[in-house]
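Reviewing the structure listed below.
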Amino acid sequence: MFNLNYTKYKSITLSVSFLTILLGFVITYTKFGGFAHSLDFDGGLRAVVELPLGKSRADLETFFKKSDIEAVVILLEKEKNIFQMDIGLGSIGKIEELYLKIPAAEREPGTSSIDKFVITLRKEFQLPKEKILSADQVGAVVGGELMSTGITLLLTTLGIILLYLSYRSQFKFALASAIALVHDILFTLAMIGFFQIKPSVPIIAALLTLLGYSINDKIVVFDRIRENSHGKDNLSLSNIINVSIAQTLGRTINTSLTTLISVVAILVGGAVELYDFAIVLIFGVVIGTYSSIFIAAPISEIYDQFRRKRKLA
């Protein structure tokens, strides 16, 4: 059932991938003005409060939604009803508006943004000062460090893969794997921008996990291609690729499904804070599987054809 010509439509699959990635980034920057903002990457306000037992996360979220404030609410301790609230820089103007609605006698001169937020919160939920456990203005240092580290890790990983696969098999397989990995990362980033998923530490973890999963899948396919190439110089690389993919496709699908079951379990029964992580990972697993079959293997064939033409020239 898997004996198909997987390389026949390589021009179509490569073009569709390129255009989809391009479209994702174009929409991200033209419609949304870039990737979604997050506290870790852009800075903002963070407060930890202990709410009265009659109040819940829903009350906080209702308040923020009514006030048009973008906030992430995290339950830290269920027993004590302690919540963490992250407010992006884009919502500071809304907090200023709420603060100005408080009677002048209850305001404080020269108050900072985080103090205005705390005063507004205390007024809304009738909180004494001791119930404000912490309140800070967070800088964007984490985002800069994560971006720098992420790029460094990506380039290092690609370099190691090129060296390892060049030594283990052939350079064309190493090059195809590296290009396919870049494809997977760009495709996933385009999706993150298109759906305005907020960058965060779990999202970085999902992207790095995607790299490991994706290269493992590609190594399995290229190992089978290398094994099937021995003593079959009369067969074209295209035929060998099709046979090899057919032989490994069952394992690839089973591995992907098993991984997806685990990730879907996080999405269905996990904490709200892990939803974006699970969604990115689900998308990454699907794209990684797709690229192993329709991107990496065809690229190795294209490079092989190019190299042969240069030898004949």
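The values are calculated or read from the model by the stated rules, or taken from the named source; none is laboratory data. Because the structure is predicted, anything quoted here is derived from the model rather than measured. Reconstructed Cβ throughout: ideal geometry from the backbone, glycine too, with neighbour counts over all protein chains shown.
Search region 130-144 for residues being surrounded by fewer than 14 Cβ atoms within 10 Å (Cβ to Cβ) and in a strand (DSSP E or B), and hand back the single one that is modelled with the lowest pLDDT.
Going through the qualifying residues, I end up with 136.
I'd like to know if region 47-63 contains one or more residues that are assigned to a helix (DSSP H, G or I), among the basic types (Lys, Arg) and outside the structural domain of residue 192 (by TED's automatic domain parsing).
Looking for residues that are assigned to a helix (DSSP H, G or I), among the basic types (Lys, Arg) and outside the structural domain of residue 192 (by TED's automatic domain parsing), one finds at least one in region 47-63, hence yes.
One line per residue, one yes/no per condition, for (1) of a type outside the set (A, V, I, L, M, F, W, C); (2) closer than 26 Å to residue 238 by Cα:
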position	(1), (2)
129	yes, no
137	yes, no
162	no, yes
168	yes, yes
172	yes, yes
195	no, no
201	no, no
204	no, no
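Given 259, 248, which one is at pLDDT 85 or above, touching a Lys or Arg at 6+ places or on another chain (Cβ under 6 Å) and either assigned by TED's automatic domain parsing to the domain that holds residue 173 or buried (at least 21 other Cβ atoms within 10 Å of the Cβ) (or both)?
248
What number of residues in region 83-141 are of a type in the set (Lys, Arg) and touching a residue at least 40 places away in the same chain (Cβ under 8 Å)?
Residues flagged as of a type in the set (Lys, Arg) and touching a residue at least 40 places away in the same chain (Cβ under 8 Å) within region 83-141 amount to 1.
Residue check, residue 56 against (1) hydroxyl-bearing (Ser, Thr, Tyr); (2) under 21 Å from residue 188 (Cα atoms); (3) modelled with pLDDT of 85 or more, all met but one. Which one?
Failed condition: (2).
To keep it simple, each residue is scored yes or no on (1) in a strand (DSSP E or B); (2) at negative phi.
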| site | (1), (2) |
| --- | --- |
| 8 | no, yes |
| 14 | no, yes |
| 18 | no, yes |
| 33 | no, no |
| 75 | yes, yes |
| 93 | no, yes |
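Only one residue in 188, 149 is at pLDDT 85 or above, part of a helix (DSSP H, G or I) and among the polar types (S, T, N, Q). Which one?
Step by step, each of 188, 149 is checked, and only 188 is at pLDDT 85 or above, part of a helix (DSSP H, G or I) and among the polar types (S, T, N, Q).
Tell me, yes or no, whether region 248-270 has at least one residue that is in contact with a strand residue (DSSP E or B) (Cβ under 9 Å, 6 or more places away or on another chain) and within 30 Å of residue 84 (Cα to Cα).
No, that holds for no residue.
Kindly indicate whether residue 254 is surrounded by fewer than 13 Cβ atoms within 10 Å (Cβ to Cβ), modelled with pLDDT of 85 or more and in the same structural domain as residue 159 (by TED's automatic domain parsing).
yes
Considering only region 10-19, state which residues are surrounded by 15 or more Cβ atoms within 10 Å (Cβ to Cβ) and at pLDDT 90 or above.
13, 14, 17 - these are the residues of region 10-19 that are surrounded by 15 or more Cβ atoms within 10 Å (Cβ to Cβ) and at pLDDT 90 or above.
I'd like the full set of residues that are outside any helix (DSSP H, G or I) and either surrounded by fewer than 19 Cβ atoms within 10 Å (Cβ to Cβ) or not assigned by TED's automatic domain parsing to the domain that holds residue 260 (or both), limited to region 196-207.
Correct list: 196 only.
Any chance region 186-195 includes a residue that's over 20 Å from residue 72 (Cβ atoms), touching a Leu at 6+ places or on another chain (Cβ under 7 Å), surrounded by 19 or more Cβ atoms within 10 Å (Cβ to Cβ) and of a type in the set (Val, Ile, Thr)?
Yes: one or more hits.
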